[in-house]
Amino acid sequence: FSTARIEEVIGEFVQLKKSGSNLKGLSPFNNEKTPSFMVSPSKQIFKDFSSGKGGSVVTFLMELEQMTYPETLRWLAKKYNIEVPEERPQTAEEIEAGNHREAVYLISDVANKWFQEQLHQTDEGRAVGLSYFKERGFSDETISKFQLGYSPEKSDAFAQYALESKYNEKALEDSGISMNGDRGWYDRFRGRVMFPIHSISGRVLGFGGRILKNNVKAAKYLNSPENLIYHKSKVLYGLYQAKQEIVKKDEAFLVEGYTDVMSFHQNGIHNVVSSSGTSLTEGQIIMLKRYSSNITLLYDGDAAGIRASFRGLDMMLEAGINVRVVTFPDGEDPDSFAQKHSTEELEKFLTAERKDFISYKTSALLEEVGNDPLKRAEMVRDVVSSISKVPDAIGQEVFIKEAAKILDID
């Protein structure tokens with residue numbers, strides 16, 4: 001594997017900048033403000049001074065993505081188009097004897113391929129799933145890029161396939177894709193279109209599934225449960241597809257839903273990720289900061305969306321991120337707006353509507369409080385609390401002046 005250049009591989013996971021004969025970036029293993037992660041292209045090694053980890057490109061992937069040695073070699077082979085002999089499928093006994101975590105990865109990958117086959121190669125999949133994606137305006141290229149799929153209505157369709165194919169039962173249950181209850185096996189995502197959630201190296205960690213029937217009481221969106229490989233607080237949907245563009249543009253757009261990400265990609269804007277409908281977490285912010293410290297949040301213009309953004313804004317400020325906000329016109333969200341406008345129009349809108357966090361938060365709160373002096377005092381405290389989270393004094397001073405101007409106070 002002498003073909004694999006350490007700076008190319010690590011550059012997919014960390015934003016690296018020249019530092020003498022080496023390259024430097026923020027540690028992908030620890031949360032740090034000053035870069036201490038070094039890569040030596042001449043020696044083909046890395047050293048992370050904050051965590052003490054170091055070694056070759058293989059060590060890096062094994063540590064960061066928790067891959068086994070054979071998995072790492074397969075990943076590098078795929079990246080550099082190196083032919084590796086196809087392995088026969090593992091038997092249940094081999095999986096049982098090997099790494100259970102790998103067995104959960106394996107069944108997740110198998111499910112992802114199976115869901116895609118169901119979408120494209122079955123009458124039900126084409127009539128229900130594919131027609132839904134087409135109605136939403138998604139092209140074949142986008143459907144393929146995001147590996148979208150379909151889980152049939154039949155209650156145990158995937159479980160039956162997995163068990164007949166002799167995949168490990170415990171891994172199947174632990175993945176949360178299928179469950180074994182009093183009445184036997186049943187699939188979690190039956191009757192849903194499927195959105196696979198990838199790790200930053202492209203491994204399938206879990207799924208989001210959207211139900212298409214209107215008259216059922218089930219949740220519209222359902223996610224994989226937390227398990228050995230899927231920790232939703234540390235995952236961003238679309239980061240696998242977006243990471244190189246984020247580094248290139250030195251900016252990331254953060255949206256709420258899966259289809260927001262897909263519509264932006266289809267429109268030509270690729271540096272976009274989603275928190276998958278969950279509240280933004282510190283882990284997600286740290287992960288995104290590895291690629292860029294410039295993040296723009298894109299929100300629906302409704303009051304709930306605006307309120308939801310405040311907590312995320314404060315967390316980003318504490319992490320030393322340059323955060324901006326764009327809100328869409330009433331009745332629009334990033335998905336619908338991107339579908340209706342050209343790339344040029346979308347880019348112009350994002351540039352024109354982008355506000356720094358203080359302008360955004362102060363203006364949003366000002367609308368709420370009106371002329372009530374008590375509410376206004378409370379609002380000033382709220383804004384000052386946010387400004388206090390900015391790590392550097394100069395930044396704080398600039399924002400205080402900005403807020404005072406908007407609020408018309410000295």
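For the reader, a short list of remarks on this structure follows.
- Remark: ILE406, ILE200 ranked as ILE406, ILE200, counting other beta-carbon atoms within 10 Å and listing the fewest first.
- Net +/- balance of residues flanking PHE195 in space, Cβ distance below 14 Å, scoring K and R +1, D and E -1: +4
- Convex hull volume of the Cα atoms of segment 92-230, normalised per residue: 117 Å³.
- Taking 29 Å as the limit for the C-alpha separation, the pairs LYS78/LYS234; LYS78/LYS166; LYS47/LYS289; LYS248/LYS405 exceed it in the case of LYS248/LYS405.
- Principal-axis tilt of helix 343-353 within the chain, Cα atoms, nearest 10 degrees: 40
- Principal-axis analysis of the Cα atoms of the chain puts helix 303-318 at an angle of about 90° to the longest axis.
- Under the criterion of Cα pairs below 8 Å and six or more residues apart, the relative contact order for the chain equals 10 percent.
- Counting only the Cα atoms, the chain fills a convex hull of 175 Å³ per residue.
- Sites matching trypsin sites (Lys or Arg not before Pro) across segment 109-194 that sit in DSSP coil, with at most 12 neighbouring C-beta atoms within 10 Å: ARG183
- Net charge of neighbours whose Cβ lies under 11 Å from the Cβ of ASN22, counting Lys and Arg as +1 and Asp and Glu as -1: +4
- Of the residues VAL216, ALA171, PHE146, the one whose Cα sits farthest toward the positive end of the charge dipole of segment 124-279, with +1 on the Cβ of Lys and Arg and -1 on the Cβ of Asp and Glu, is VAL216.
- Fraction of alpha-carbon pairs over 25 Å apart in segment 260-410 - percent: 32
- Label-to-label distance, nm, for residues given as LYS47 and ARG136 (7 Å Cα→Cβ offset): 4.8
- Rounded to 5, the percent of DSSP beta bridges in the chain classed as antiparallel: 75
- Residues listed by number, segment 7-43, amide nitrogen under 19 Å from ASP250 label point at 7 Å toward C-beta: 11-20, 22-27, 33-37
- Working note: 222 nm ellipticity from helices only, DSSP H runs with n ≥ 4, each -39,500 (n - 2.57), summed and divided by the residues of the chain, gives -13500 deg cm²/dmol to the nearest 500.
- Only Lys, Arg (+1) and Asp, Glu (-1) charged, at Cβ; the chain dipole about Cα centre in debye: 600
- Segment 236-288-segment 1-70 distance, computed between alpha-carbon centres (Å): 22
- Residue among PHE253, SER359, VAL390 farthest towards the positive dipole end of the chain, charges placed on Cβ: VAL390
- Net charge of neighbours whose Cβ lies under 12 Å from the Cβ of ASN180, counting Lys and Arg as +1 and Asp and Glu as -1: -3
- Among ASP250, ASP174, sorting on how many other beta-carbon atoms sit within 10 Å of each Cβ, with the fewest leading, yields ASP250, ASP174.
- Sorting THR122, THR3 from the fewest to the most surrounding beta carbons within 10 angstrom yields THR3, THR122.
- The long axis of helix 100-121 is offset from the longest Cα principal axis of the chain by roughly 90 degrees.
- Normalised contact order of segment 92-230, rounded percent, pairs of Cα under 8 Å and 6 or more residues apart: 25
- Applying 1/(1 + (r/R0)^6) with r as the Cβ-Cβ distance of TYR80 and SER342 and R0 = 35 angstrom yields a FRET efficiency of 0.45.
- Taking segment 239-407 and dividing mean pair separation by its residue count, relative contact order in percent (alpha carbons under 8 Å, at least six apart): 20
- The trypsin sites (Lys or Arg not before Pro) found in segment 209-285 that occupy coil by DSSP, while having at most 14 further C-beta atoms within 10 Å, are LYS213, LYS217, LYS220.
- If you model segment 204-243 as an ellipsoid using its alpha carbon gyration tensor, with each semi-axis the square root of five times an eigenvalue, the axes come out at 24, 13, 7 Å, biggest first.
- Taken over the alpha carbons of segment 6-79 as equal point scatterers, the Debye sum produces base-10 log I(q)/I(0) values at 0.16, 0.18, 0.20, 0.24 Å⁻¹ of -0.52, -0.65, -0.80, -1.11.
Every number in this text was worked out from the coordinates using simple rules, so none of it is lab data. Small disclaimer: the values here were computed from a predicted structure and weren't measured. All Cβ positions, even for glycine, are placed from backbone atoms using ideal geometry, and neighbour counts span all protein chains on display.
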